[in-house]
Amino acid sequence: MERIIQYTEALREAADQEMERDASVLVFGLDVDDPKAIQGTTRGLLERYGAERVFGTPLSEDAMTGAAIGMALAGLRPVHVHIRMDFLMLAMNQLVNVAAKSRYMFGGAVHVPMVVRSMIGKSWGQGAQHSQGLYSFFMHVPGLKVVAPTTPYDAKGCLIAAIRDDNPVMFVEHRILHFQKGPVPEAPYSVPPGKARVTAKGDDITLVGISYMQVECQRAHHYLAGEEIGAEVIDPIWLSPLDIDTIVDSVRRTGRLLVVDNGWSTCGASAEIIAQVMEQLQGEREVRVKRMGFAPVTCPTTPNLEDAYYPNARTIAAAAYWMVRASGASWMPEERKDLQSIEFKGPF
Amino acid sequence: MAEFSFFPSTERKTAMYERIYRSLYRIRRVEERIAEVYPTDTIKSPVHLSIGQEAVSVGVCEALRPQDVVFGTYRSHALFLAKGGDLKAMIAELYGKVTGVARGKGGSMHMIDLKAGVMGTSAVVGTTVPNAVGYAYAVKYRRENRLVVSFLGDGGVDEGVFAESLNFAALKKLPIIFICENNGYAIHTHQRLRHPALNICDRAAVYGIPTERIENNETLRIHERVKSAVDAIENGGQGPYFFECMTYRWKEHVGPNEDYQLGYRSREEAEPWMRNDQVGVLGALVEESARKSIEQAVDAEIAEAFALAESDPFPAASELMADVYK
């Protein structure tokens with residue numbers, strides 16, 4: 001029997017098993033030790049491993065990121081948790097100038113094994129500063145790794161891989177994915193960088209969905225199947241290093257690539273993926289490409305504008321349809337109850 | 001001049017003066033040699049010379065044990081050498097050679113020597129302060145018998161991370177000593193134009209950290225006071241400690257020259273510091289023949305280090321892509 005657990009429990013179990021295995025693993029961040037325990041992802045760790053290894057921090061993202069680096073330089077494996085990705089903007093100096101660069105600028109003398117967990121919010125009025133998916137900032141910088149797992153299985157395996165990695169890893173979670181349930185083996189396992197996952201097969205178009213947009217792409221796959229369009233769906237899982245080969249292989253077959261990002265398109269992950277695919281396939285194969293992502297504005301709070309701000313399964317399916325049907329016909333599927341989005345309900 | 005009641009033996013005192021003089025003289029001569037060589041453009045790295053400020057690094061490091069770890073700033077040639085960093089590898093780094101401390105990929109502002117306990121230094125003001133704090137957290141967590149020293153300048157105090165770092169270090173009672181080298185200037189801007197209150201110790205004291213300001217750039221006084229903090233932590237006491245060491249940079253912010261002609265400061269301001277030159281002050285405490293032999297040995301060591309750096313190879317092209325990730 002497969003064991004089905006929630007994404008948050010998968011994360012908790014990964015941290016628990018790694019802390020059990022290795023006394024150099026520490027978990028800290030604002031409120032990791034409070035009763036809510038970061039949506040339950042750190043629940044019980046304090047009781048099990050004590051306040052030296054599991055502690056809440058002052059509101060000092062800059063210094064605590066610097067401290068995590070110092071711990072890593074001393075041989076510990078800190079996991080620094082941020083309940084919002086937006087808060088990482090307070091820590092950019094340490095992440096970009098120190099964590100990413102230490103190994104290279106000190107000629108390989110040191111390494112920085114640390115994990116930075118951060119969460120992207122969506123809906124229920126989270127708005128401008130609680131909703132940003134900023135991982136492309138970190139993909140830009142050599143020396144950092146970036147991962148954005150979608151399923152509970154990958155959440156556990158990627159967190160274990162990130163903790164065991166000898167480099168700084170930006171571990172990106174989406175608050176709506178926290179509610180996902182799925183099969184997760186109990187024994188520890190690792191989902192390391194290097195392999196994207198094909199989550200649905202198809203021959204007409206390749207959909208790459210990043211983070212929560214992976215879920216919307218899988219729904220779009222079903223809408224498109226109703227129109228007899230076969231959409232191959234790929235989850236990159238690790239954004240840096242990126243397994244571009246799996247995506248290129250798919251596009252070589254389908255000739256169409258739609259990348260749906262959980263962030264803005266300009267200079268974003270979607271732009272990078274399309275650029276890399278085109279560099280490889282130009283001259284070999286005619287390829288149609290398109291990016292979808294957040295509207296190029298600040299995230300609004302009011303529901304009707306917020307709905308228009310995000311791509312969703314139906315708008316993704318419509319874009320894919322337009323790319324596949326060369327006639328230029330436009331089409332938008334009727335909403336199917338069985339494919340509706342999970343609604344996030346506050347308070348947060 | 002401070003006397004050393006805690007070193008009763010004359011022999012030990014003599015040996016210590018000789019050690020300290022050797023360290024001061026060596027740092028001074030290394031940096032003077034860098035300044036001499038600099039116009040030839042063989043050193044491909046911006047250099048922030050410590051000339052005039054050696055007393056702080058030397059006084060502090062004389063109080064440390066080999067297992068203790070230091071974190072520094074972009075102006076860390078003195079710290080690197082005082083803590084026992086490899087001179088040949090340091091000079092090779094300045095020349096961009098593969099034999100350098102960072103295989104020629106870091107330069108003057110990113111000196112590191114793990115064997116000597118010199119953790120990497122940083123070009124961005126204030127950034128190593130929280131790194132040192134995190135390192136001290138690891139030391140405490142592992143119950144190790146060592147401590148961490150975080151060197152920063154009066155400019156580092158301006159950064160928000162300074163306050164955040166001191167707060168956390170004090171909250172967790174970490175085995176760390178902060179050394180603020182106050183040379184009065186952040187590049188060309190005096191502390192008066194940056195701080196409404198000039199006593200930096202007051203800022204550390206609000207976190208409950210024991211603080212002390214040490215005036216006049218006196219090596220032996222710095223050594224004595226920091227040694228007392230090291231001893232207190234070694235004997236089971238708790239950190240952190242904070243010292244503000246008043247000092248003065250003789251050369252320009254970056255580069256080998258003087259800059260009194262720029263007008264942001266005057267030679268008159270510098271002169272009292274120069275009269276109290278610690279290389280001369282400590283040299284006078286060392287018997288002449290011993291002093292001569294120290295100087296000869298150091299001069300020969302420096303000549304060899306520069307000659308090696310000249311002849312050592314540059315990194316191979318394949319080094320460009322090496323060490324991005326482990």
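Taking the 0 to 90 degree range and rounding to the nearest ten, how far is the long axis of helix A:313-324 tilted relative to the main principal axis of chain A, both from C-alpha atoms?
50
Taking the Cα atoms only, what angle lies between the long axis of helix A:212-225 and the longest principal axis of chain A, rounded to 10 degrees?
20
Identify the trypsin sites (Lys or Arg not before Pro) of segment B:171-208 meeting these criteria: DSSP loop state and at most 16 other C-beta atoms within 10 Å of the C-beta.
Working: sites: B:LYS172, B:LYS173, B:ARG192, B:ARG194, B:ARG203; in loops: B:LYS172, B:LYS173, B:ARG194.
Here the sparse-neighbourhood loop sites are B:LYS173, B:ARG194.
Taking a 18 Å limit on the Cα-Cα distance, which of the listed pairs A:LYS101/B:LYS251; A:LYS122/A:LYS195; B:LYS105/B:LYS326; B:LYS44/B:LYS88 fall beyond it?
Working: A:LYS101/B:LYS251 29 Å; A:LYS122/A:LYS195 27 Å; B:LYS105/B:LYS326 16 Å; B:LYS44/B:LYS88 16 Å.
From the list (A:LYS101/B:LYS251; A:LYS122/A:LYS195; B:LYS105/B:LYS326; B:LYS44/B:LYS88), the Cα-Cα distance tops 18 Å for A:LYS101/B:LYS251; A:LYS122/A:LYS195.
From the phi angles alone, apply the Karplus equation (6.51, -1.76, 1.60; θ = phi - 60°) to segment A:81-97 and give each ³J(HN,Hα) in whole Hz, x where the residue is Gly or Pro.
10, 10, 6, 9, 5, 4, 6, 5, 4, 6, 10, 4, 4, 5, 5, 7, 8
Using helices alone, I'd like the mean residue ellipticity at 222 nm for chain A: each DSSP H run of four-plus residues gives -39500 (n - 2.57), total over residue count, nearest 500.
Numbers: 11 runs with 112 residues, N = 348.
Rounded to the nearest 500, it is -9500 deg cm²/dmol.
Can you list the GluC sites (Glu not before Pro) in segment A:14-98 that are in a DSSP coil and have 16 or fewer other beta carbons within 10 angstrom? The partial results should precede the final answer.
Values: sites: A:GLU18, A:GLU20, A:GLU47, A:GLU52, A:GLU61; in loops: A:GLU52.
The qualifying sites are A:GLU52.
Please compute the contact order of chain A in relative form: average sequence separation of alpha-carbon pairs under 8 Å and at least six residues apart, divided by the residue count, as a percent.
Values: 741 pairs, mean separation 54.6, N = 348.
16 percent.
Just want to confirm a number: the relative contact order over segment A:197-333, from Cα pairs under 8 angstrom separated by 6+ residues, in percent.
27
How much mean residue ellipticity at 222 nm does chain B get from its helices, if each DSSP H run of length 4 or more adds -39500 (n - 2.57) and you divide by all residues, to the nearest 500 deg cm²/dmol? Display every interim value, and only then the final one.
Details: 11 runs with 138 residues, N = 326.
Helix contribution divided over all residues of chain B: -13500 deg cm²/dmol.
Output wanted: per-residue J couplings in Hz (rounded whole) for segment A:123-135, from phi through Karplus 6.51 cos²θ - 1.76 cosθ + 1.60, θ = phi - 60°, x for Gly and Pro.
Coupling constants for segment A:123-135: 6, 6, x, 6, x, 3, 10, 10, 9, 7, x, 9, 5 Hz.
With an 8 Å Cα cut-off and a minimum separation of 6 or more residues, compute the relative contact order for chain B in percent. Let's see the in-between values first.
Details: 588 pairs, mean separation 77.2, N = 326.
Answer for chain B is 24 percent.
Give me the dipole magnitude in Debye, nearest 20, for the protein assembly as shown about the Cα centre, with unit charges on the beta carbon: positive for Lys and Arg, negative for Asp and Glu. Please list the in-between numbers first.
Details: 72 positive and 85 negative charges, 160 e Å.
For the protein assembly as shown, the charge dipole is close to 760 debye.
Taking the Cα atoms only, what angle lies between the long axis of helix A:61-73 and the longest principal axis of chain A, rounded to 10 degrees?
It works out to around 70 degrees.
Using a Debye calculation, one point per C-alpha and no hydration shell, please list log10 I(q)/I(0) for the protein assembly as shown at q = 0.05, 0.07, 0.08, 0.09 Å⁻¹ in order.
-0.29, -0.54, -0.68, -0.81
Every number here is computed from the coordinates shown, using simple stated rules; none is lab data. Bear in mind the structure is a predicted one, so any value in this text is a computation, not a measurement. When we count neighbours, we look across all protein chains shown, and the Cβ atoms used for this are built from the backbone with ideal geometry, even at glycine.
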